[in-house]
Structures are given as C-alpha cells and as structure tokens.
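For reference, the structure is listed below as structure tokens.
The values are calculated or read from the model by the stated rules, or taken from the named source; none is laboratory data. All figures in this text were calculated on a predicted structure; none of them were measured in a lab. Glycine gets a Cβ as well: all are built from the backbone with ideal geometry, and neighbour counts include every protein chain shown. Each accessible area value is taken on the protein alone, full model and side chains, heavy atoms only, with ligands, DNA and RNA left out. Shrake-Rupley method; radii C 1.70, N 1.55, O 1.52, S 1.80 Å.
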Amino acid sequence: MKIHEYQAKQIFRELGIPVPEGKVAETPDQAVESARSLGTYPVAVKAQVHVGGRGKAGGVKLAKSAEEAGQHARAILGMSIKGITVKRVLVEAGVDIQREIYAGVIVDRERKAPVLILSAAGGVDIEEVAAADPEKILHLVLQPGLGLQAFQVRRACYFLELPKEAHRAMGETLHALERALFELDASLVEINPLVLTSRNEIIAADGKINLDDNALPLHPDLEGLRDENEEEPLEAEARRHALSYVKLDGKIGCLVNGAGLAMGTMDLVKHFGGELRCDRVAEGVLKARELTGIDVPIVMRLVGTNEDKARELLEGTDLIMLPTMAEAAQKAVELSHRSGD
Ligand code: GDP
Ligand code: MN
C-alpha cells in the first residue's frame, strides 16, 4: 500500500526527521489560508497523488504570496497526473535548497537484505541516475541484527561530500529512515530530495513510503492512511469483503480458490482464444537464459497472440516451442533420456 507525501512526512516528523511545516488543502481558499498561517514565503504547493514525477508534471509550484498559493492550488487541484485526479495539495514552507540528495531504504530482493541507497544526484529520478551513472550511487547493506553502523554513516557522509557540520544531522536522519522501514514493515522509504540547506541543515523535502500489504494486519493504525481514490475501485470493493481481486483486461472473470487454480484457469481461457503475448514470453525466456547461462534444453508450450512472432524469435535458437502441453511434456521426457541422466 502506498501513502501520501503529507502522511509520510507526519511519520518522518514523529521519527525525528526534519520536514518543512505544512498543511493539507482541498480547495484554493484553504490553500490561501494554509499559506497565511505558515507565514513565510515562498511556499511550495504540491499535488498529493501516489505517483512520482509530480514536479515535471506541473504538480509542484512555488508561491511568493498567499494569493499566488491559491492560484497554484486552483491549477493543481483537479489536474490529472498519470491518470490520477488531484484531490488535495500540500502547502508547505519553502526549503532553502543548497543541494539535493537522494536517500532511500528498500528491501532488496537481489541482495536479500535491507539496503540503504544514497546519491548526491538527488531531486531527479534515481532510476535514471542508476542507468546513466551507477557510480554516483552508494549501496549500504543493513546487516540483520546489526543494522546501520557508525562506519556506514561516515562512509555515506564522505560519499555525499557533506560538510562536517551536517554529518550528525545526516546520521540521525539515516537512522530514522532505517527505523521507519523496520517499524512500519515498509518495503520502501524514500526521501528525494533530502535537502542540505545553506545553514548545513538536513530537511526532507519529499517523502515516499510503500507498506508491505502482507504486514498490514500487524499495523491497524496504518490502515487509516489508505486512500481509495488512488486504488482500482473494484479491488478496493473486493478488499472490503476480504476477497483478493486482481483487475485484468478482457471480458471473462475467473472465480477461484487459490493462486494455482487461478493460473490454471487463466491458461485454459487463453488456450481457447484468450490473449497471451507469446512474443513477450519468448523474449523473456531468451533473456532469462542469457542472464542465467542455463545450458540445458528448454521446451515451451506456447500458443496464443503473436504466436508467429514468438516462433520467429526462437528460430535458430535451441529453445523448443510446441503447441500442446502433451507434445511439450513428451519432448521434455525424450530430451531428458538423450542427456543420459
Ligand atoms: P516529485 O517531483 O513528485 O518528486 O516532487 P518533489 O517534492 O521532489 O519536488 C520536485 C522538485 O521541486 C524538487 O526536487 C526541488 O528541486 C524543487 N523545489 C524547489 N523548491 C522547493 C521547495 O521549497 N520545496 C520542495 N519540496 N521542493 C522544491
Ligand atoms: Mn521527489
């Protein structure tokens, strides 16, 4: 489950991470009032939606007066960002930005550990930094039972080339980030940008928290942070009845009691004319084999949409594509005998 920036910032505040003072507004008038009560300018007016890149989409604007904050709120409220209609804005005190840092902590499935991720190239999409300049990103593995250690904090501060005056505040913020991940059972806690001000303060100018749905029953208090405006309406309705429902395209619904049966049923539906992008599957298997270096024969039963394209993709490779489960199973057995063990 995702939560809003203003909710994440409330959690940050409780954990001791400095955040700008701010108020949520649902109308332009409320935004004017919020700006007035903050009493410092500029103020940032920020769309509250569960998607990133709000800045680029025009959902984050600075205002030099309460009236201007109202105008920005009027423009942002009701705007659609990546398909989600903005219902609320956060009006918060502007941050004196000297540098923008990326700080995030995630449960990293590949490293099989929680990992703290840092970059001096904050403010922008971290995936872009990772693709273009991977050396600009520091990964610190949080060892089970040990957690974030003093030497790792020092390493982070030097990697980020922070002035000495900011080291202590940075350490406190990183420890609080780690606590947020563990205490909330989150899968991701991210601050982008984490701002270094000209007075060497560290302030979270943005906040993103993804909670692990499987752990939510342990956190009834967090359930209240759910925003159904952001969810698929049918999935939300199903959850209210304690049902697992996944919305997919198409005209046929499957009512099943178990994931395996769901997959089997989908396969059969697709087998008799539903859709399954065979070329995508073929591409996926080819890629996986290349990455893992599997050198045993692979037999696939593949039928459906773009079947011809898939066959073309597999031509000349030693991947075998057959149209029925029976033929694929027979082929696999035959090949296993040939290999001699
Ligand atoms: P995002 O685009 O959805 O990630 O929203 P952010 O809260 O990260 O805002 C985008 C950018 O707005 C930041 O990276 C800053 O460069 C810029 N910005 C400029 N002044 C401010 C300010 O006072 N507060 C905040 N939050 N962002 C500011
Ligand atoms: Mn951001």
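Return yes when Arg88 is touching a residue at least 12 places away in the same chain (Cβ under 8 Å), outside the structural domain of Pro193 (by TED's automatic domain parsing), of a type outside the set (A, V, I, L, M, F, W, C) and away from ligand 2 (no atom under 16 Å from the Cβ) and no when it is not. For Arg88, the condition - touching a residue at least 12 places away in the same chain (Cβ under 8 Å), outside the structural domain of Pro193 (by TED's automatic domain parsing), of a type outside the set (A, V, I, L, M, F, W, C) and away from ligand 2 (no atom under 16 Å from the Cβ) - is met.
Within segment 23-52, can you find the residues that are of a type in the set (Gly, Ala, Ser) and either within 20 Å of Leu211 (Cα to Cα) or surrounded by fewer than 20 Cβ atoms within 10 Å (Cβ to Cβ) (or both)?
Ser37, Gly39, Gly52
Taking into account only those residues within segment 258-281 that are part of a loop (DSSP other than H, G, I, E, B) and within 20 Å of Met300 (Cα to Cα), which is least open to solvent (accessible area, probe 1.4 Å)? Only one residue fits best here, namely Gly274. Of the candidates Gly39, Gly70, Gly78, the single residue that is modelled with pLDDT under 95 and outside the structural domain of Pro217 (by TED's automatic domain parsing) is Gly39. Put simply, of Leu255, Leu286, Leu291, Leu248 the only residue that is of a type outside the set (Asp, Glu), over 16 Å from Met321 (Cβ atoms) and part of a helix (DSSP H, G or I) is Leu291.
Cβ separations smaller than 6 Å between residues 6+ apart or across chains give the following pairs from segment 38-65 residues that are hydroxyl-bearing (Ser, Thr, Tyr) to residues that are open to solvent by less than 30 Å² (accessible area, probe 1.4 Å) and at pLDDT 95 or above: Thr40/Ala93.
In segment 53-96, the qualifying residues are those that are buried (at least 19 other Cβ atoms within 10 Å of the Cβ) and among the basic types (Lys, Arg), and the one that is farthest from Ile202 (Cα to Cα) is Arg88. Scanning segment 200-214 for residues that are away from ligand 1 (no atom under 14 Å from the Cβ) and surrounded by fewer than 21 Cβ atoms within 10 Å (Cβ to Cβ) yields a total of 5.
Matching residues to (1) within 13 Å of ligand 1 (Cβ to nearest atom); (2) of a type in the set (A, V, I, L, M, F, W, C); (3) out of contact with any His (no Cβ under 8 Å at 6 or more places or on another chain):
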residue	(1), (2), (3)
Ala25	no, yes, yes
Ala57	yes, yes, yes
His72	yes, no, yes
Leu77	no, yes, yes
Ile81	yes, yes, yes
Gln98	yes, no, yes
Val105	no, yes, yes
Lys112	no, no, yes
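Restricting to segment 112-121, name every residue that is assigned to a loop (DSSP other than H, G, I, E, B) and in contact with a strand residue (DSSP E or B) (Cβ under 8 Å, 6 or more places away or on another chain). Answer for segment 112-121, where residues must be assigned to a loop (DSSP other than H, G, I, E, B) and in contact with a strand residue (DSSP E or B) (Cβ under 8 Å, 6 or more places away or on another chain): Ala120, Ala121.
Looking at the structure I just gave you, is Asp125 open to solvent by 20 Å² or more (accessible area, probe 1.4 Å) and either away from ligand 2 (no atom under 16 Å from the Cβ) or among the basic types (Lys, Arg) (or both)?
For Asp125, the condition - open to solvent by 20 Å² or more (accessible area, probe 1.4 Å) and either away from ligand 2 (no atom under 16 Å from the Cβ) or among the basic types (Lys, Arg) (or both) - is not met.
Return the residue satisfying two criteria in turn: it lies in segment 235-249 and is within 26 Å of the chain's Cα centre (by Cα) and of a type outside the set (A, V, I, L, M, F, W, C), and of such residues it is least open to solvent (accessible area, probe 1.4 Å). Ranking the qualifying residues of segment 235-249, first place goes to Glu235.
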